[in-house]
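This report refers to the structure that appears directly beneath it.
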Amino acid sequence: MTLARELSPPTDARAELARLLDGSYPDANGRYGPFGGRFVPETLMPAITRLESAAKAAFTEPAFLDEIAREGRAWIGRPTPMCFAPNLSREWGAEVWLKREDLAHTGAHKINNALGQALLAKRIGATRIIAETGAGQHGVASAAACARVGLPCIVYMGAVDVERQAPNVMRMKRLGAEVRPVESGDRTLRAAIDEALRDWVSDPDRTHYLLGSAVGPHPFPWIVRTLQSVIGRESREQILKEAGALPDAVLACVGGGSNAIGMFHGFLADESVRIVGVEAGGRGPTPGENSATIATGSPGVLHGCYSLLLQDDDGQVSKSHSISAGLDYPGVGPEHAFLRWCGRVGYISATDREALDALDDCCRLEGILPAMEPSHALAGVKKLAQERPGSRLLVNLCGRGDKDMPILLKNPPRDRSKGDAQ
């Protein structure tokens, strides 16, 4: 594996994890062990520093935390439910539990981070918000949060994603946001982030960049994880109450990794719980055909932080592919790279076809249409159930699939009578 070849494992993995759990990571330089940091133009440093100071103050201030909790209950719909999936459990041979972030306002976990950052932006005096989006869920969440707090919102979106996530583009516009298609680069999430960063550099004093995943320069990975960790806290409480015990394994999909890092943090200290991130295996292992960054990437700098990324022998960022726009990204958050490095989290991949099959199983057996992103995590659950039959598996259903209808229309379900793909 590339990671093992190019970066030596820690001499004391348990001590490294302890530093994360006791709050020593990210350190003063925004690092998680060797990963993270902030590699940005000098013009952005005052805005980065201002944001870090504001977030550190806000996250320890009872009045701000009360506002987050109040808006979470009244506007987002927290706590989101957890439900047992009896038919998937019977079909797959394990005890399957679903954390229903798809039932949060706007239909995905993205709203947790968007609302929190929008409130932070008001505190630092920003007068406009910019955001980027791949699957459109972060764009919708940003548009809704900005409407809620009264700030104008501009969303950058790759032209490819504008086409394959058309319903969400209309939702953003209805919510008052301006959507700017990005025609440069690969015309997906990576290009959208590039363009949002260019915008931010041009006006860092008045603009807040509402970054949607646990990527980018410090303090963004830490801010996003802090706001998304509500998923893991709720999940741990709910599974103990509903099942009477911790799960044997917790799974979530990983692109940039925001839903997963929020989910995982509730269980990192529970040594008995196996934690698994599921990346997009795309059409297969050939370079350019997947977005399995941790499985096939190597250390480098992308979008302001040192993490794992897909790159060629010359260090150029490689193309990525996933049927899921939200996972179609050649990098991953630095905390995920750290968790892989110290061995606390295992990362596997699911192909486009495996994700579609898991989505169809969830629809057919549970009456739930998940988004393409968490369908990869469901495919991971199916694999783990075969490996550990009878085990208790908890998966974060981080978004609902209405937005993916254009993709699903092009990929009808298998004809089960023939046992083959149509």
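The values are calculated or read from the model by the stated rules, or taken from the named source; none is laboratory data. If you're wondering where the values come from, they're calculated on a predicted model, not measured in any experiment. Glycine gets a Cβ as well: all are built from the backbone with ideal geometry, and neighbour counts include every protein chain shown. With ligands, DNA and RNA removed, areas are computed over all heavy atoms of the protein, side chains included. Shrake-Rupley method; radii C 1.70, N 1.55, O 1.52, S 1.80 Å.
At a glance:
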read-out	value
Cα-based radius of gyration of region 3-68 once divided by 2.2 N^0.38 Å, which approximates compact folds	1.45
Long-range HN-HN contacts of V179 with modeled amide H, under 5 Å	V155
Karplus 3J(HN,Hα) series, Hz, for region 225-234 with 6.51 cos²θ - 1.76 cosθ + 1.60 (x for Gly, Pro)	4, 4, 6, 8, 5, 4, 4, x, 4, 4
For region 114-130, Karplus couplings with θ = phi - 60° (6.51, -1.76, 1.60), whole Hz, Gly/Pro x	4, 5, x, 5, 5, 5, 4, 4, 4, 5, 8, x, 5, 10, 8, 10, 10
Relative contact order [Cα under 8 Å, 6+ residues apart], region 135-246, whole percent	20
Placed amide H near V332: partners under 5 Å, 5+ positions off or other chain	L308
Helical contribution to [θ] at 222 nm, DSSP H n ≥ 4, -39,500 (n - 2.57), averaged over the chain, rounded to 500	-12500 deg cm²/dmol
Viscosity 0.890 mPa s, temperature 25 °C, Stokes-Einstein D of the chain from Kirkwood C-alpha radius, µm²/s	116
GluC sites (Glu not before Pro) lying in DSSP loop within region 225-325, provided at most 10 other Cβ fall within 10 Å	E271
HN-Hα J in Hz across region 188-196 - Karplus 6.51, -1.76, 1.60, θ = phi - 60°, x for Gly and Pro	10, 4, 4, 5, 5, 5, 3, 5, 5
C363 - accessible surface, heavy atoms, 1.4 Å probe, Å² rounded to 10	50
GNM result for the chain, Cα springs below 10 Å: residue of N168, N259, N290 fluctuating most strongly	N168
Computed label-point distance, nm, for sites E163 and T286 using a 7 Å Cα→Cβ extension	2.0
Å² of accessible area per residue within the chain, as computed with a 1.4 Å probe and no ligands counted	38
Top of G257, G136, G125 by mean-square fluctuation, Gaussian network on the chain, Cα under 10 Å	G125
Part-to-part distance (alpha-carbon centres) for region 282-340 and region 72-102, which is given in Å	29
Convex hull volume per residue in cubic angstrom - Cα atoms of region 307-422	149
Residue-span extension gain [A243 to A18] - 0.36 nm each, minus C-alpha spacing	78.2 nm
Under 5 Å, built H, 5+ apart or other chain: amide partners of A94	G390
Computed lengthening from D313 to D205, 0.36 nm per intervening residue step minus Cα-Cα distance	35.1 nm
Max mean-square fluctuation residue, GNM over the chain, Cα-Cα springs under 10 Å, options A141, A58, A371	A58
Taking the chain and dividing mean pair separation by its residue count, relative contact order in percent (alpha carbons under 8 Å, at least six apart)	20
